[in-house]
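Report on the structure given below.
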Amino acid sequence: MPTPHRVILNAAAPLFLSMSAGVIAQLVGTSLLGHQATVQLAAFALVGAVLTPVTAAVSGGLRGMAPFVAACRDRPAEALPILKDARWLSLVLGVIGAGVTLGVPLIARVGGVSREVTAEFGSVPQLFALQVLLAAAGGGANGVLIALGRGRLVLWSSLSSTAVQVTLLLLLVPRMGIHGTAIALLTSTALAVSMSNVLLLRLPGLAGGSPWPGRPRPREIWRMAKVGLPMSATVVI
């Protein structure tokens, strides 16, 4: 039987490596934009200042399912309905977050940002809003894998999506600037969501199931919201 320290390490190590890979991708994108044009870097920083708390709010809502899924480690088939409940909650947060992301140009004008910077936005707020909705609709699979003791599988989706993001950044940013950054992030998110859900449904007891939200269960969603919303608010703060 594994020791508690090994159990914690097996769960924490994939999360740490995944987060580290994400930071590397952000550094690459920021560095490339800095060489592209300072005004584009300023525009990206402004969008990122809105996107970061929005993404944290969505991911925080999904983390609320962890204690419920962990109780199903010996019964993985029961984890899928919990994931669907969590996705209803994250979808609500995602819709709100996407609306906030779409409002970046307005936030910039109210904040007195120069027209030279706001002119660089283009379709970037729409692309980032789509990324938020995609993460909200299909996210949470990595959290289920970790809660079920399959944390190592998380690295496959995280590292693969990061590799794709870095590659696209190197190819697109020199040509498209900030729009290339948004496309790279959206593409890598789509890949990460797809891979994590495929890996989840390959687990014994989950094969053949659908990970997408079905008919909402208000009582279960509210029970999860009482855990997820405080975590979401804490992460944002």
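The values are calculated or read from the model by the stated rules, or taken from the named source; none is laboratory data. Keep in mind that what you see is a predicted model, and the values were worked out from it rather than measured. Cβ placement follows ideal geometry from the backbone for every residue including glycine, while neighbour counts extend to all protein chains displayed. All accessible areas refer to the heavy atoms of the entire protein, side chains included, with ligands and DNA or RNA removed. Shrake-Rupley method; radii C 1.70, N 1.55, O 1.52, S 1.80 Å.
A few points about this structure:
- Accessible carbon and sulfur surface of the chain relative to its total accessible area, %, 1.4 Å: 69 percent
- FRET efficiency estimate (nearest 0.05) - Cβ-Cβ, Ile237 to Ile24, R0 30 angstrom: 0.70
- Trypsin sites (Lys or Arg not before Pro), loop per DSSP, at most 15 other Cβ atoms within 10 Å - longest free stretch of the chain: 74-201
- Remark: spin-label model distance Ser210-Lys226 equals 3.0 nm, labels positioned 7 Å along the Cα→Cβ axis.
- Think of a 1.4 Å ball rolled over the protein heavy atoms: the chain then has 52 Å² of accessible area per residue.
- Potential extension, Val198-Ser114 segment - 0.36 nm per residue separation minus Cα distance: 25.8 nm
- Segment 78-237 shape via C-alpha gyration tensor axes, a/c threshold 1.5: oblate
- Max mean-square fluctuation residue, GNM over the chain, Cα-Cα springs under 10 Å, options Thr162, Thr187, Thr55: Thr187
- What the Cβ-Cβ distance of Arg73 and Ala163 gives, at R0 = 22 Å and to the nearest 0.05, is a FRET efficiency of 0.15.
- Net charge over other residues, Cβ less than 11 angstrom from the Cβ of Pro213 (K, R count +1; D, E count -1): +3
- Positive minus negative residues near Ala225 (Lys, Arg vs Asp, Glu; Cβ under 13 Å): +4
- Rounded tilt (10° steps) of 79-102 against the dominant C-alpha axis of the chain: 10 degrees
- Gyration tensor (alpha-carbon) shape descriptor, segment 1-146, a/c threshold 1.5: oblate
- Stretchable slack from Ile96 to Ser31, in nm (0.36 nm times residue separation minus alpha-carbon distance): 20.4 nm
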